[in-house]
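The values are calculated or read from the model by the stated rules, or taken from the named source; none is laboratory data. All figures in this text were calculated on a predicted structure; none of them were measured in a lab. Glycine gets a Cβ as well: all are built from the backbone with ideal geometry, and neighbour counts include every protein chain shown.
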Protein chains: 6
Amino acid sequence: MSGGDTWLPSLITETPQEGFALAITLSQKGVATTQPDAEVRKAERPEYAEEADSLIAVSHVIATHFQTVAAANDYWRE
Amino acid sequence: MSGGDTWLPSLITETPQEGFALAITLSQKGVATTQPDAEVRKAERPEYAEEADSLIAVSHVIATHFQTVAAANDYWRE
Amino acid sequence: MSGGDTWLPSLITETPQEGFALAITLSQKGVATTQPDAEVRKAERPEYAEEADSLIAVSHVIATHFQTVAAANDYWRE
Amino acid sequence: MSGGDTWLPSLITETPQEGFALAITLSQKGVATTQPDAEVRKAERPEYAEEADSLIAVSHVIATHFQTVAAANDYWRE
Amino acid sequence: MSGGDTWLPSLITETPQEGFALAITLSQKGVATTQPDAEVRKAERPEYAEEADSLIAVSHVIATHFQTVAAANDYWRE
Amino acid sequence: MSGGDTWLPSLITETPQEGFALAITLSQKGVATTQPDAEVRKAERPEYAEEADSLIAVSHVIATHFQTVAAANDYWRE
């Protein structure tokens, strides 16, 4: 596993909170794939970050990924 | 577990209603991550809180998180 | 369980139709949490109730909650 | 079970196609609950039925309900 | 099973790719149900097929149906 | 299995990251099916790639497909 290109070695996290952080990463990665130019993304960010509807939409994507990560971790039920 | 930074120690709640409250927290956290400035979020709130479509969209995010929390708690079937 | 504040004692219902009614309640609760002022919600209602896209969006939220309630009840199979 | 008010006695259908029809019924019911006035709904129908985005949104709600109905029927795997 | 009216005899397909094709059929069927007039649908098609947001929305509906079909086929794990 | 037409031989991948890449492929395929003309898609791309809301919507479709792929791979839990 070469560190450089691997950004998603596993869906397993120690805590729900780390799982939520991973869901955020996954949602950002989905955007980054479609718009690989970091400069353009950075330019868009202030715009949508002040648009309530965009923030809600981002939150929805995070929620969808969190479903996946939570299931992967059997909901951290131990 | 240091209290300060931990906001999501577990997905387990005692009742469905507490689970619903947790789903609300998770949906807000998704927004807060993208727009970390509480002042900006506060400024947007009155705006979208009076916009029916935004309220419905928030309700959808809550519904998605509630699916996760409910599954984690085996639907509180006991 | 104090009656006053408890609006969601259980996800279990006797019939699928009662489960659908519960899904509607859950979707309304998601809206009510974000806009707690009943007067404002009432003012918005006629507006979005005549907007086809808003009605469809509400129907989507209900569908998402109905998934949860149906799973909780093991789809009322027997 | 009094026939009059019962529109959803079961999620079980004999075939996938009947299950799809039930998903359509469920999505319409979600709309009908929010806008109970059939006249208003009828007035909106021609409008959104010619709006591609509305049709796609309706199709999404049907897809969500079909997930539920299909799971209830164990995907008609027999 | 009379061939004429049966368009969905089963959710089972031989390969994932056939399952994806079925998901597309299901998403189109959801639209066709709401707007049964093929002429109107044909008139809308060029319009939304050039609208990026509509295409993404269609892709989302397909994704939702593909979840159902994939689960029905136990993900073609053999 | 003739190589030419088979683009989805399996949902199984070796790593979560490859699964995420497959989810991206699936989301693009959903778009390509509706608008098969690659030239038109290419023309739309720069437009939506600079539209924050479109990028978020694409990210949502990827998230939905990633749920499917992750479940197919039993979340790469080994």
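Brief remarks follow.
- Within segment B:14-50, tally of residues that are touching an Asp or Glu at 6+ places or on another chain (Cβ under 8 Å) and acidic (Asp, Glu): 2
- Qualifying positions in segment E:10-36 - of a type in the set (Ser, Thr, Tyr) and either within 11 Å of chain D (Cβ to nearest Cβ) or part of a helix (DSSP H, G or I) (or both): E:10, E:25, E:27, E:33, E:34
- For segment E:18-33, the set of residues classified as surrounded by fewer than 18 Cβ atoms within 10 Å (Cβ to Cβ) and over 19 Å from residue D:27 (Cβ atoms) consists of E:18, E:21, listed by residue number.
- The set of residues from segment D:34-75 being at pLDDT 95 or above, over 21 Å from residue C:27 (Cβ atoms) and crowded, with 21+ Cβ neighbours inside 10 Å comprises D:70, D:73.
- Cβ pairs under 9 Å, 6+ apart, first in segment B:26-42 and in contact (Cβ under 8 Å) with a residue 12 or more places away in the chain, second outside any helix (DSSP H, G or I) and not aliphatic (A, V, I, L, M): B:29/B:7
- Residues that are in a loop (DSSP other than H, G, I, E, B), of a type outside the set (A, V, I, L, M, F, W, C), under 25 Å from residue A:16 (Cβ atoms) and in contact (Cβ under 8 Å) with a residue 12 or more places away in the chain do occur in segment B:62-74, at least one of them.
- Among residues of segment F:54-70, those that are at the interface with chain E (Cβ under 7 Å from one of its Cβ atoms) and in contact with a Phe, Trp or Tyr (Cβ under 8 Å, 6 or more places away or on another chain), counted: 4
- Annotation: residue E:5 fulfils all but one of (1) part of a helix (DSSP H, G or I); (2) closer than 28 Å to residue D:71 by Cβ; the unmet one is (1).
- Test: residue in segment F:41-53 that is at the interface with another protein chain (Cβ under 7 Å from one of its Cβ atoms), among the hydrophobic types (A, V, I, L, M, F, W, C), closer than 22 Å to residue A:57 by Cα and over 13 Å from the mean Cα position of the chain (by Cα): yes
- The numbered conditions (1) part of a helix (DSSP H, G or I); (2) in contact (Cβ under 8 Å) with a residue 24 or more places away in the chain are all true for residue E:53 except (2).
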